[in-house]
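First comes the structure, then the notes that go with it.
The values are calculated or read from the model by the stated rules, or taken from the named source; none is laboratory data. Owing to the predicted nature of the structure, the values given are computational and were not obtained by experimental measurement. Ideal geometry is used to build each Cβ from the backbone, glycine not excepted, and the neighbour counts take in all protein chains shown. Just the protein is used for accessible areas: all its heavy atoms, side chains included, with ligands, DNA and RNA removed. Shrake-Rupley method; radii C 1.70, N 1.55, O 1.52, S 1.80 Å.
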Amino acid sequence: MSLDFENVSFQYPGARHGVDAVTLSAAQGELLAVMGRSGSGKSTLLRLAAGLLDGYRGRIAIVGRDMAGVPVWQREIGMVFQHYALFPNLSVVDNVGYGLKMRGMTAALRRRRALEMLERVGLAAQADRSTALLSGGQQQRVALARALVIEPKLLLLDEPLAALDAGIRHQLRDEIRALQRACGATTLLVTHDQDEALSMADRVAIVDGGRVLQAGTPRDLYERPATAQVARFVGHSTLLRGRVLAHGAVDVRFTTLCADTGAHRPGDAVDVLVRPEHLQPDPPEHVANRIDGRVGEVRYFGATQRFDFVPAGATDALLGEGRALPARCVSIEPRHLLVLPAA
């Protein structure tokens, strides 16, 4: 593995938060996203990998080398920060070539290498301009070029798109992913943005309270979350509190749903996960899991619309999504329901 956390624990002095017994790894060339809310421990993992924090327990290795006692400048890492951290007194090309200068490369060679990298991020024409004259998106491309030009063993991205508006974020996340793949850089991305994590990463680790709740591919986490807590982190959903009546049947108060109850036994308290795209509007009379009710709030998003569907006899709504709104009922195929242990 290119990056390994083995049973790593760290606590900030005088505080309760940090990370607790984290075991996590990233393979060569993989983009691993660590996602969680503020204070979950995701940024702590990045700082530990970078060498910006010390005093941890466990083992952190980069390309098999134990990082205990290894200073930041000897770790062969590239970093991209949320607020770019460019040098305002240097030109674009000199910003990109700065790491090469620190490694003793000649001025002519580092300019050539920096220009090559600027060409890859579409900024070669801006090489001799001041970074202060660039847009936020351009400055982030410069920061990425500076991190990659040194051919790091590990690329660390700390909320790299958080300071940008939505339109440029969508464009840049695709560009970053394409460049990361082309360079083959093993990458640790820290983000609280689930769209960013799911669209960019090969694998995603969900962290909360300093612990890894689940790690897997974006599809695995969306379709097969291990717990209700993970389900809330990944995608939109409704979680229905219920109780298993029998194998294949769950009472959710306002109706009984047919679903795969797995190893759960009759009487077990469970949460039933419903994804919004699985609500089918106005199904035939005798279909399984047919639910009568009414449409509540509707939110229009252009290509789709998200709506609340309030089942008859219920106070809480199901979240639905699609182009068509139901007139008076919906259905959910049993195979699309996931029964989870009660939170």
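A few comments on the model shown:
- Relative contact order (percent, whole number), region 110-192, Cα cutoff 8 Å, 6+ residue spacing: 32 percent
- Cα→Cβ-extended label distance, 7 Å offset, between Met102 and Met1, nm: 2.6 nm
- Between amide H atoms placed 1.01 Å from N, distances below 5 Å from Asp208 occur with Leu213, all of them 5 or more places distant or on a separate chain.
- For Asp268, the solvent-accessible surface with a 1.4 Å probe is about 60 Å², rounded to the nearest 10.
- Computed on the Cα atoms alone, the convex hull of region 131-264 gives a volume of 150 cubic angstrom per residue.
- A cut-off under 14 angstrom between Cβ atoms defines the neighbours of Glu175, and their net charge, with Lys, Arg +1 and Asp, Glu -1, is +3.
- Relative contact order computed over region 140-282 (Cα-Cα under 8 Å; 6+ residues apart), in percent: 14 percent
- A simple spin-label model places pseudo-atoms 7 Å from Cα toward Cβ; at Val287 and Leu245 they are separated by 2.0 nm.
- For the chain, size of Cβ-based charge dipole, Lys and Arg +1, Asp and Glu -1, in debye: 780 debye
- With the whole protein complex present, Met79 retains an accessible surface near 40 Å², based on a 1.4 Å probe.
- Counting all C-alpha pairs of the chain, share separated by more than 29 Å (%): 50 percent
- Once each of the trypsin sites (Lys or Arg not before Pro) sitting in a DSSP loop with at most 15 other beta-carbon atoms within 10 Å is removed, the chain keeps 130-252 as its longest stretch.
- Cα shape, region 250-322, gyration tensor, a/c 1.5 rule: prolate
- Residue (of Leu279, Val310, Cys329) at the positive-pole extreme of region 279-343, dipole from beta-carbon charges: Leu279
- Accessible area of Val252 (1.4 Å probe, protein heavy atoms only, ligands and nucleic acids ignored): about 10 Å².
- Table column - 3J(HN,Hα) (Hz), region 34-39, Karplus curve with 6.51, -1.76, 1.60, x for Gly and Pro: 10, 10, x, 6, 4, x
- Backbone geometry of region 256-267 corresponds, through the Karplus equation with coefficients 6.51, -1.76 and 1.60 at θ = phi - 60°, to 3J(HN,Hα) couplings of 10, 9, 7, 7, 6, 8, x, 8, 5, 9, x, x Hz, x marking Gly and Pro.
- Extension reserve of the Val298-Ala132 stretch, reckoned as 0.36 nm per residue once the Cα distance is removed: 55.5 nm
- Amide proton proximity set for Leu161, modelled H, under 5 Å, gap of 5+: none
- Amide H to amide H, with H built 1.01 Å from N, Gln82 comes under 5 Å of Asp158, counting only residues 5 or more places away or on other chains.
- The chain: calculated mean residue ellipticity at 222 nm from DSSP helix runs of at least 4, using -39500 (n - 2.57): -7500 deg cm²/dmol
- DSSP beta bridges fully contained in the chain are about 75 percent antiparallel.
- Residues in region 102-115 carry Karplus couplings, in order, of 5, 8, x, 6, 5, 4, 5, 6, 5, 5, 4, 5, 5, 5 Hz; the curve used is 6.51 cos²θ - 1.76 cosθ + 1.60 with θ = phi - 60°, and Gly or Pro positions show x.
- Here the label points at Asp316 and Arg59, each 7 Å from Cα along the C-beta direction, are separated by 4.4 nm in the simple model.
- By accessible area with a 1.4 Å probe, ligands and nucleic acids excluded, highest first: order of Thr44, Thr227: Thr227, Thr44
- Selection from Gln138, Gln214, Gly167, by position along the positive dipole direction of region 115-242 (Cβ): Gln214
- The order of Leu325, Leu156, Leu338 by accessible area, most exposed first and with a 1.4 Å probe, is Leu325, Leu338, Leu156.
- Pair-distance profile P(r), taking every C-alpha pair of region 220-292, with 5 angstrom steps and integer %: 3, 15, 23, 24, 21, 11, 2
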